[in-house]
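Right, one structure below, let's go through it.
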């Protein structure tokens, strides 16, 4: 089977400017970002997987004193983010291939994980644990039920996949996470479903 993530990458490369212009920048994510920051030390170093063009999520975290290492598979997106926030680190990489010896205070994967197949999503959770400091926090957006669907970006179909919530919870527990909170189709967050957890007990 063809890798749908490759098609997604091609789409975001081609439509980077259009996506950025149309991205909702009202910061509907503020409450959940604040919940993540509340679990972090002051001026945390945050790994942002699927960092896109950096607004509004990275912009808000930076304004709160965070240092960001952002990873995105579209160099066109990375170029936009680098121009906006040159004092932070922006890396062009498929998150499945990203490697780092550094430990981070938190990880956010807000609009990236659900573009991976279920198998590839499963493989990310041990990596999340490896990249975090003890008691590090993670915020991940997922679907709310098992399945594959297509959304639309720049008038083009784009692949999304989700595991069942019980499967995500199992993956978090198996990889050493605790204080796990899941909110399905959060009405205060534009309907996003998201997980917040901490590494360690």
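The values are calculated or read from the model by the stated rules, or taken from the named source; none is laboratory data. What you see is a predicted model; the values in this text were computed from it and never measured. Methodologically, a virtual Cβ is constructed for each residue, glycine included, from the backbone with ideal geometry; neighbour enumeration extends over all protein chains shown.
Listed here are the strands (runs of 3 or more DSSP E) enclosed by the stretch 119-201 that have at least 1 residues being at pLDDT below 95 and out of contact with any helix residue (DSSP H, G or I) (no Cβ under 7 Å at 6 or more places or on another chain): 147-153, 156-162. Residue count for the stretch 159-201, restricted to those that are within 17 Å of the chain's Cα centre (by Cα), touching a residue at least 12 places away in the same chain (Cβ under 8 Å) and on the phi > 0 side of the Ramachandran plot: 2.
Is it fair to say residue 31 is in contact with a helix residue (DSSP H, G or I) (Cβ under 8 Å, 6 or more places away or on another chain), under 24 Å from residue 193 (Cα atoms) and assigned to a helix (DSSP H, G or I)?
Here the answer is no, as residue 31 does not meet what is asked.
Look at the stretch 14-42: where a residue is at positive phi and modelled with pLDDT of 95 or more and a partner is assigned to a loop (DSSP other than H, G, I, E, B) and buried (at least 18 other Cβ atoms within 10 Å of the Cβ), sitting 6+ places away or on another chain with Cβ atoms under 8 Å, you get 27/56. Just one of the listed residues (107, 91, 62, 46) is over 28 Å from residue 152 (Cβ atoms) and either crowded, with 22+ Cβ neighbours inside 10 Å or within 15 Å of the chain's Cα centre (by Cα) (or both), and it is 46.
Quick check on my filter: what residues within the stretch 65-79 are closer than 24 Å to residue 15 by Cβ and touching a strand residue (DSSP E or B) at 6+ places or on another chain (Cβ under 9 Å)? Spell out how you get there, then give the answer.
Within the stretch 65-79, the first condition is being closer than 24 Å to residue 15 by Cβ, and the residues that meet it are 68, 70-79.
Once the filter is applied, which keeps residues that are closer than 24 Å to residue 15 by Cβ and touching a strand residue (DSSP E or B) at 6+ places or on another chain (Cβ under 9 Å), the stretch 65-79 yields 68, 70, 71, 72, 73, 74, 75, 77, 78, 79.
Being touching a residue at least 40 places away in the same chain (Cβ under 8 Å), within 16 Å of residue 12 (Cβ to Cβ), in contact with a strand residue (DSSP E or B) (Cβ under 9 Å, 6 or more places away or on another chain) and assigned to a helix (DSSP H, G or I) is not true of residue 95.
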